[in-house]
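A.B. asks: This is the structure I have questions about; it appears just below.
The values are calculated or read from the model by the stated rules, or taken from the named source; none is laboratory data. Not measured: the values here are computed from a predicted model. Every residue, glycine among them, receives a Cβ derived from its backbone with ideal geometry; neighbour counts consider all protein chains shown.
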Amino acid sequence: MQRDTSSWLEDLHAEGVQQANALDDLREVLMRILPKALSRWLESSDPHFDALIEDIAQETMLRVLERLDTFKGNSKFTTWVYTIAVRIGLSKLRLKKWQEVSLDSLKSGPNSDSSPFMQFSAPTNNPEVSVERANALALVMTAIEQELTPYQRAVMSAVVLEGIPMDVIAQRLGKDRNTLYKVIHDARLKIKHFLERSGHPPQELLALFNRRDQQMES
Amino acid sequence: MLRRIINWFNKKQQPQPIHEKKFASMIEMLVKTEAHEISCNDVGDALAEFAELHRRGQDVKHLMPLVHQHLEMCPDCREEYDALMAALDAEAELYS
């Protein structure tokens, strides 16, 4: 990689052969960096590996050219490019991984009568601790049922509790990720304020879990 | 078929269990929730600078607290940050 930030910018802003050569070099950099950057999510043995890496590199170069004037120079140019590349890459991989999974419950929202998580799957053996934790869970579930809209409940449950990527939910619902983040942020704030009003702020509930775990382990 | 219908009915009637660790993680998110938080796009714009500062050993939690807080809240952005750090590791290995 011979260029520094200023020469990348100069060559990519140019026209003709100068820009074409810079794009060739940028593609080469991406084709070498992306497999390592995405190795946690995309194995080299994947039958679509080469096509995906090429696809991500091409889309990244297009996006970089479109947004070249927005580069503020707060980092190296290549670091900025990698930021764009990993977002494009992970977004594609998330959608590919979840494409077969139905998320119909998100569209209709959960049943308003439902109490999605009213017990622990593997509660502690200590009866006193078990009761305290069950009370904490019941309190949070009350907050979720009373304070959140069905839409907030569905999105919060899918992202925070079921671990479904926001990219996937955003694509299925025709929203963008910023909007979903805001939905979850508002939901978190509502629950937090409910707990504070009830006299049991989240810090107190968390201490209940952490402190007891440490005692049990020691 | 009958068994499947019974299983479906039982599943609908019974509350889903949740693991204590997952619930504790959710409570931890509530503890760290702030009235003002920045969006995923804002974080995307600042992530390159944040990553370079972090790699230079700077105290990013205090230099860029809103980005740091968002990365603790947002699993999608956190994954992208991890991938970016892996990209910078690869760059150092390939081009230094």
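A.B. asks: Among the residues of segment A:124-160, which ones are touching a residue at least 40 places away in the same chain (Cβ under 8 Å) and of a type in the set (A, V, I, L, M, F, W, C)?
C.D. replies: Residues satisfying the conditions are A:VAL129, A:ALA136, A:LEU139, A:VAL140, A:ALA143, A:ILE144, A:LEU148, A:ALA154, A:VAL155, A:ALA158.
A.B. asks: Taking segment A:1-29 only, how many residues are outside any helix (DSSP H, G or I) and either among the acidic types (Asp, Glu) or surrounded by fewer than 15 Cβ atoms within 10 Å (Cβ to Cβ) (or both)?
C.D. replies: 4
A.B. asks: Scan (1) closer than 14 Å to B:GLU28 by Cα; (2) within 25 Å of the chain's Cα centre (by Cα) for the single condition A:LEU208 breaks and write down its number.
C.D. replies: Unmet condition: (2).
A.B. asks: Do we have any residue at all in segment A:113-125 that's facing another protein chain (nearest Cβ under 9 Å), under 16 Å from the mean Cα position of the chain (by Cα) and modelled with pLDDT under 85?
C.D. replies: Within segment A:113-125, not a single residue is facing another protein chain (nearest Cβ under 9 Å), under 16 Å from the mean Cα position of the chain (by Cα) and modelled with pLDDT under 85.
A.B. asks: For the list (1) over 23 Å from A:ASN178 (Cα atoms); (2) more than 8 Å from chain A (Cβ to nearest Cβ); (3) modelled with pLDDT of 95 or more, I need the number of the one condition that B:SER96 fails.
C.D. replies: (3)
A.B. asks: Restricting to segment B:22-36, what's the tally of residues that are within 20 Å of A:ASN178 (Cβ to Cβ) and more than 14 Å from the chain's Cα centre (by Cα)?
C.D. replies: 3
A.B. asks: Can you tell me which of B:LEU63, B:LEU71, B:LEU47, B:LEU53 is aliphatic (A, V, I, L, M), touching a Ser or Thr at 6+ places or on another chain (Cβ under 6 Å) and at negative phi?
C.D. replies: Every option except B:LEU47 fails the conditions.
A.B. asks: Moving on to the next point. Tally the residues that are crowded, with 18+ Cβ neighbours inside 10 Å and either at pLDDT 95 or above or facing chain B (nearest Cβ under 7 Å) (or both), restricting the search to segment A:169-179.
C.D. replies: So the count comes out to 1.
A.B. asks: Something else: Would you mind listing the helices (runs of 4 or more DSSP H) fully within segment B:53-96 where at least 3 residues are over 17 Å from the mean Cα position of the chain (by Cα)?
C.D. replies: B:75-95
A.B. asks: While we're here: Which numbered condition trips up A:ALA136, out of (1) modelled with pLDDT under 90; (2) surrounded by 17 or more Cβ atoms within 10 Å (Cβ to Cβ); (3) within 12 Å of chain B (Cβ to nearest Cβ)?
C.D. replies: (1)
A.B. asks: Do you know which residues across segment B:70-93 are of a type outside the set (A, V, I, L, M, F, W, C) and within 11 Å of chain A (Cβ to nearest Cβ)?
C.D. replies: B:HIS70, B:PRO75, B:ASP76, B:ARG78, B:GLU79, B:GLU80, B:TYR81, B:ASP82, B:ASP89, B:GLU91, B:GLU93
To keep it simple, each residue is scored yes or no on (1) buried (at least 16 other Cβ atoms within 10 Å of the Cβ); (2) part of a loop (DSSP other than H, G, I, E, B); (3) at pLDDT 95 or above.
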position: A:MET31; (1), (2), (3): no, no, yes
position: A:ARG40; (1), (2), (3): no, yes, yes
position: A:ASP46; (1), (2), (3): no, yes, no
position: A:ALA57; (1), (2), (3): yes, no, yes
position: A:VAL64; (1), (2), (3): yes, no, yes
position: A:ASN74; (1), (2), (3): no, yes, yes
position: A:SER91; (1), (2), (3): yes, no, yes
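A.B. asks: For a quick check of your reading of the model, give me the residue pairs whose first member lies in segment B:31-52 and is more than 7 Å from chain A (Cβ to nearest Cβ) and more than 11 Å from B:CYS74 (Cβ to Cβ), whose second is in a loop (DSSP other than H, G, I, E, B) and aromatic (Phe, Trp, Tyr), with beta-carbon atoms closer than 9 Å and at least 6 apart or on different chains.
C.D. replies: none
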